[in-house]
Structures are given as C-alpha cells and as structure tokens.
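The values are calculated or read from the model by the stated rules, or taken from the named source; none is laboratory data. Treat the numbers as computed from the prediction; the structure is a model and nothing was measured. Because the Cβ atoms are built from the backbone with ideal geometry, glycine has one as well, and the counts that use them run over all protein chains shown. Remember, those area values only see protein heavy atoms, side chains included, never the ligands or the DNA or RNA. Shrake-Rupley method; radii C 1.70, N 1.55, O 1.52, S 1.80 Å.
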Amino acid sequence: MSGPLPVVVLVSGRGSNLRAIDARIAAGELPARILAVLSDREDAAALSWAAERGLATGAVPQRQYADRAAFDAALGNVIAGYAPALVVLAGFMRVLGSGFFDAFPGRVLNVHPALLPAFPGSHAVRDALAWGVKVTGVTVHLVDEEVDHGPIVLQEAIEIRDDDDWDSLELRVHALEHRLLPAAVRALLQGRMVVEGRAVRITGEEP
Ligand code: GRF
C-alpha cells in the first residue's frame, strides 16, 4: 500500500461515519490521513469529537455568506487549502453547488441512507418506512451538482422487518454505512475505481 493520501471530511451531525473512517485508518486498513474535519455547524458533535481526537477542525456556517455561491466558494477555498486527494461527505447536510465540484472533479464521495435513486433527501430512513418498502439500504456515490444523484460506487440492501421502527432500522443502516463508506474511500484512494458515465467499477485485487 502506498503512503497515506490526504482526505478532508465534511460533517454536520454526530459523525459516526467519520469515526468509522478514522478507525479504519488507525487499524492501518485505509491509505488515508484526515487533514481536516469541516462543518457547516459550529455545534456539530462530530467537530468536538474530531478536536478531541487531535484532528484539525473548522466551521464554515452558511449563514455567514450572502448566498449559496458565496458559501460554496468559501468552503471550496478552505478545502482546497488542504489539497486533498479526496473529500468525504460523512453526514454533511448542505447542498453544494456545481462551482464546488468543479474544484474537486470525481473526488467527492457521499454516503446516503437508502438505495438511490429511491428516497433522496435528508429523511431517507423515515421516508422508506413511511412508503412501506420491504427493502432499503445504503448507497455510496460520487457527488455531482444534483442532490443524491452522482454515479453509484457501492450499494447494499437491508431488509425492512414488520416490527422495524426508525430507531431499529437506523441502527442497521448506520452499521452498513460504516462498512461501505470506508470501503469506497479505500477503493478510490487505491486507484481501483473506474468511472464510465454513470457506471462505476471497482477493479483489481486489493494491494
Ligand atoms: C448518515 O445516515 C448519512 O447517510 C446521512 O447522515 C447521517 C450521518 O450520520 N447523510 P453520522 O453523522 O455519520 O453519524
């Protein structure tokens, strides 16, 4: 495995996906180094955790900017300052504009708690339960300028049980996210991700 590649992680909430990535790095299973954890919310629990863990942190609150383009530009500038090989959206709840992605082409990953294109948006677990689907899951995708839209990297299903409620389903969704997101990060950083239009293949033997 080559040396660790610089990664910036964007968070808005608890940061369990951030912790999952950090744990895989600590275990020597991910060729990555988290250069910074950034958030749109100064009070995100994920930021406090990252600071305690000794990681560089920063907040870029959207309300401090005149419009979304200004926010995108500010956040993009902060991230670009770290020259990351990869930007991971790990529960980052802001929609980013196309200007943002131009700066990091094919290098932004997001995790979504449903089987896209079903149940996009910020309440995917609740929406899947409300719809009565029997199967939901987790999607890791490359991010483009449309919400929950870019090419799908990894996707795995979870069966919904008759007695599931939000808490029980969310628990299984999170457990799956914690496996799939680091796996996608690993494949991308190892150069094993081939993107052809919307189709993403993960190639080769793991080094
Ligand atoms: C995850 O379910 C992710 O799919 C969604 O937001 C949640 C973040 O959880 N986008 P956490 O902050 O990583 O615990």
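Listed values, structure above:
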item	result
Selection within region 109-145 - touching an Asp or Glu at 6+ places or on another chain (Cβ under 7 Å) and β-branched (Val, Ile, Thr)	Val111, Val125, Val135, Val138
Test: residue in region 139-150 that is open to solvent by 40 Å² or more (accessible area, probe 1.4 Å), charged (D, E, K, R) and part of a strand (DSSP E or B)	no
Residues of region 164-197 classified as touching a residue at least 24 places away in the same chain (Cβ under 8 Å) and either among the small types (Gly, Ala, Ser) or farther than 18 Å from Gly137 by Cβ (or both), total	11
Residue within region 65-78 that is within 16 Å of the ligand (Cβ to nearest atom) and either open to solvent by 60 Å² or more (accessible area, probe 1.4 Å) or touching a Phe, Trp or Tyr at 6+ places or on another chain (Cβ under 7 Å) (or both) present	no
Qualifying residue in region 105-113 (condition: open to solvent by 70 Å² or more (accessible area, probe 1.4 Å), of a type outside the set (D, E, K, R), more than 14 Å from the ligand (Cβ to nearest atom) and within 16 Å of Val88 (Cα to Cα))	yes
Residue check, Gly106 part of a loop (DSSP other than H, G, I, E, B) and under 27 Å from Gly3 (Cβ atoms)	yes
Condition broken by Ala187, with the remaining ones in (1) under 25 Å from Arg41 (Cα atoms); (2) buried (at least 19 other Cβ atoms within 10 Å of the Cβ) satisfied	(1)
Count of region 114-138 residues which are more than 14 Å from the ligand (Cβ to nearest atom) and open to solvent by 70 Å² or more (accessible area, probe 1.4 Å)	5
Top-ranked residue of region 133-174 - restricted to ones that are acidic (Asp, Glu) and at pLDDT below 95, ranked as nearest to the chain's Cα centre (by Cα)	Asp148
Considering residues of region 46-64 that are in contact with a strand residue (DSSP E or B) (Cβ under 8 Å, 6 or more places away or on another chain) and under 21 Å from Leu96 (Cβ atoms) only, the residue nearest to the ligand (Cβ to nearest atom)	Ala46
Exclusive hit being assigned to a loop (DSSP other than H, G, I, E, B), within 11 Å of the ligand (Cβ to nearest atom) and in contact (Cβ under 8 Å) with a residue 24 or more places away in the chain, set Arg14, Arg19	Arg14
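The rows are residues; the columns are (1) over 26 Å from Pro6 (Cα atoms); (2) under 14 Å from the mean Cα position of the chain (by Cα); (3) modelled with pLDDT of 95 or more.
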site	(1), (2), (3)
Leu47	no, no, yes
Ala59	no, no, yes
Ala74	no, no, no
Ala114	yes, yes, yes
